[in-house]
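Chemist: A single structure is presented below for examination.
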Amino acid sequence: MKIALSIAENRIAPLFDVADDCLLFSFTNGELTPVGSLNLTGICGPVRIFRIAETQADYLICGAISRQYQLMAEAAGLVIIGFLSGETEEVLEAFCLDSEPGMSKFRMPGCSMGRQRRRRFGKKRRSV
Amino acid sequence: MTRNIQKSKKKPQCDARQPSAFLNCHANLTASILESISDGVFTVDLDWKITSFNRAAELITGIKRKDAIGRRCCDVFKSSMCQTDCALKKTLRNSTPVINRSCFIVRADGKRIPISVSTAVLYDESGAVIGGAETFRDLTEIEALRKELDGRYRVGDLISRSSTMRKVFELISAVSSTMSTVLIQGDTGTGKELVARAIHGSTDRAEQPFIAVNCGALPDTLLESELFGYKKGAFTGAYNDKPGLMSLARNGTLFLDEIGEVSPAMQVKLLRILQEREFQPLGGTTQLNFKARVIAATNRDLVAMVKTGAFREDLFYRINVIRIELPTLDQRKEDIPMLIEYFIEKFNHIYGKNLKGFSNEALSAIMNHNWPGNIRELENVVERSAILCSGKTIGINCLPEELFGEGHNENSDIFTLRGSAEAKAIENALIRNGFNKAKTARELGIHKATLYRKLKKYAIK
């Protein structure tokens, strides 16, 4: 599976809507490999989501994300793990361990685990 | 002694002779004031960790104080300027406050809240910088009130005082409660997309996506893949699945601009989708539901195109459920001063200027021009002038040459120019109203007697 992370200076970008960069990782047989990056500077609206969907990412890990982008990303088949904050590596590590308690420490204040995240942790994750 | 203590408990007072008591008292007073104001206030230390968070900040952000204290401000605040244009960072770097900078924050429910932000540096008693303070104001209510006050003149981002546009506004509010397909007709630059966005924004689907696609700018094959999306391997270069704009629009609005430019083959496909409310991605095998509302727009005369066979009659009737025709700027010249004001405000913000407006001479030239490029042309002229102007009032020397084309009289004074613009507006209104003077006066918003007086003054027959 492929993971896209919206980042700013080695941390999860606080707001996906205006974030400039995205890192892409592949997670196969328990191994995490960086597979590229995306520059989203100045890109807004559906094209922002297109760019990520084109990379065949399954998950989008990001900070705060507005409702419009959430809806578009879901329509493009992305699972959003949103409203997270913290160092990129630590968040990725917790995500790959697939533990809800591990991820919940990265929640932004006042933001509970969303619908998508509960669903993800409720299922056995695909491993390609 | 006991009585004195009891008294002081009832009514605490600052004792200037005891510095610690005095400071404590003032700290309490400051905290009480911060709690009572309606602006959100938070302070940060030099590591960007929140050190205080007032009650209004809790209300606006939806985050409790206990959750916010000790966290990085950008993780709590989540504003559009946190990453690249942090006002607090600038203030701490330059020791200069930022006043009323507009941006938005995103709450935990995904809702965008428009706010204005001001910042200041915090010093300790010795004058050393210990952090920063940010105050922010929720503009949602102000925006709503402004819209209510301007309601007569404003729908979404459309502004107008003209009676022709008032009809458009009425249509927009009438169609907003329905899911009908809307056709917007108007010359280039008249604001067709703004009308579509205003319709979308006034429906209960405003939170859903608004997807605009320019049908005239893309060849058939590209338009098809953009609209319907494609599956991996559908054609050479389709290495991955790509969702179409129809999928991304979900339950929102799909705006098909320049629909008159669509080829006959594509017209058939669009007709089928509008009828069946289903579409199939290129290379796909299953039909997907299409739930969005369709708003189409064109600057072409579709009725004439139907007659010549260039546009399918059945598609025309399918999209022409409700038709909104937009007047040209020449037909609503009374809006020009208001539009200029709006654009100056916009470009003042973009270019950091403090322009007050145009000089009388420049305004006359603007009013005298016939604006073939409509509002877009006017916006470009205001932007150009805003860039070139070095003072506070934009003079005639900042206007482009094309504004002084045919009919320009170097000796025209403001009264002559205003008179000729007024005469032209009256003539146009008379033609529109079939030379019915009562209707014309009503449309122009003047009394019938005034109209007769002006007809005599300008010798209009």
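The values are calculated or read from the model by the stated rules, or taken from the named source; none is laboratory data. Computed from a predicted structure; not experimentally measured. Note that each Cβ is placed from the backbone with ideal geometry, even for glycine, and that neighbours are counted across all protein chains shown.
Chemist: So, in the range A:64-76, how many residues would count as being within 7 Å of chain B (Cβ to nearest Cβ) and either modelled with pLDDT of 90 or more or out of contact with any Ser or Thr (no Cβ under 6 Å at 6 or more places or on another chain) (or both)?
Modeler: Qualifying residue count, the range A:64-76: 9.
Chemist: While we're here: Could you check the range A:54-74 and list, in sequence order, the residues that are crowded, with 20+ Cβ neighbours inside 10 Å and more than 11 Å from the chain's Cα centre (by Cα)?
Modeler: Scanning the range A:54-74 gives A:SER66, A:GLN68, A:TYR69, A:GLN70, A:LEU71, A:MET72.
Chemist: Looking at A:ARG107 and the list (1) more than 8 Å from chain B (Cβ to nearest Cβ); (2) within 23 Å of B:ILE113 (Cβ to Cβ); (3) touching a helix residue (DSSP H, G or I) at 6+ places or on another chain (Cβ under 8 Å), which single condition is not satisfied?
Modeler: Of the numbered conditions (1) more than 8 Å from chain B (Cβ to nearest Cβ); (2) within 23 Å of B:ILE113 (Cβ to Cβ); (3) touching a helix residue (DSSP H, G or I) at 6+ places or on another chain (Cβ under 8 Å), the odd one out for A:ARG107 is (3).
Chemist: Could you list, in sequence order, the residues of the range B:68-88 that are part of a helix (DSSP H, G or I) and either among the aliphatic types (A, V, I, L, M) or modelled with pLDDT under 90 (or both)?
Modeler: B:ALA68, B:VAL76, B:ALA87, B:LEU88
Chemist: Are any residues in the range B:244-260 among the acidic types (Asp, Glu) and either closer than 15 Å to B:GLN280 by Cα or free of Cβ contacts under 8 Å to residues at least 60 places away in the same chain (or both), and if so, which ones?
Modeler: Selection gives B:GLU258 alone.
Chemist: Among the residues of the range B:320-366, which ones are buried (at least 19 other Cβ atoms within 10 Å of the Cβ), closer than 29 Å to B:THR178 by Cα and hydrophobic (A, V, I, L, M, F, W, C)?
Modeler: Answer for the range B:320-366, where residues must be buried (at least 19 other Cβ atoms within 10 Å of the Cβ), closer than 29 Å to B:THR178 by Cα and hydrophobic (A, V, I, L, M, F, W, C): B:ILE324, B:LEU326, B:LEU329.
Chemist: Another one. Name the residues in the range B:164-183 that are over 18 Å from B:GLU443 (Cβ atoms) and under 19 Å from the mean Cα position of the chain (by Cα), would you?
Modeler: B:ILE172, B:SER173, B:SER176 - these are the residues of the range B:164-183 that are over 18 Å from B:GLU443 (Cβ atoms) and under 19 Å from the mean Cα position of the chain (by Cα).
Chemist: Show the residue pairs that are 6+ apart or on different chains and have beta-carbon atoms under 7 Å apart, the first residue being within the range B:69-87 and facing chain A (nearest Cβ under 7 Å), the second being assigned to a strand (DSSP E or B) and acidic (Asp, Glu).
Modeler: none
Chemist: Follow-up question, since we're still on this one. Here's a check for you: in the range A:8-21, which residue that is assigned to a strand (DSSP E or B) and either in contact with a Cys (Cβ under 7 Å, 6 or more places away or on another chain) or more than 13 Å from chain B (Cβ to nearest Cβ) (or both) is farthest from A:ILE61 (Cα to Cα)?
Modeler: That would be A:LEU15.
Chemist: Shifting gears a bit: Return the residue satisfying two criteria in turn: it lies in the range B:198-219 and is under 20 Å from A:PHE50 (Cβ atoms) and more than 12 Å from every other protein chain (Cβ to nearest Cβ), and of such residues it is surrounded by the most Cβ atoms within 10 Å (Cβ to Cβ).
Modeler: Looking at the filtered set, the residue picked out is B:CYS215.
Chemist: Considering the range B:92-120 alone, what residues qualify as being more than 10 Å from chain A (Cβ to nearest Cβ) and within 16 Å of B:ILE50 (Cβ to Cβ)?
Modeler: Those that are more than 10 Å from chain A (Cβ to nearest Cβ) and within 16 Å of B:ILE50 (Cβ to Cβ): B:LEU92, B:VAL117, B:THR119, B:ALA120.
Chemist: Kindly list, by first and then second residue, each pair from a residue in the range B:443-459 that is of a type outside the set (Gly, Ala, Ser) to a residue that is exposed (fewer than 12 other Cβ atoms within 10 Å of the Cβ), limited to pairs with Cβ atoms under 8 Å and residues at least 6 apart or on different chains.
Modeler: B:LYS448/B:ALA438; B:LEU455/B:LYS461
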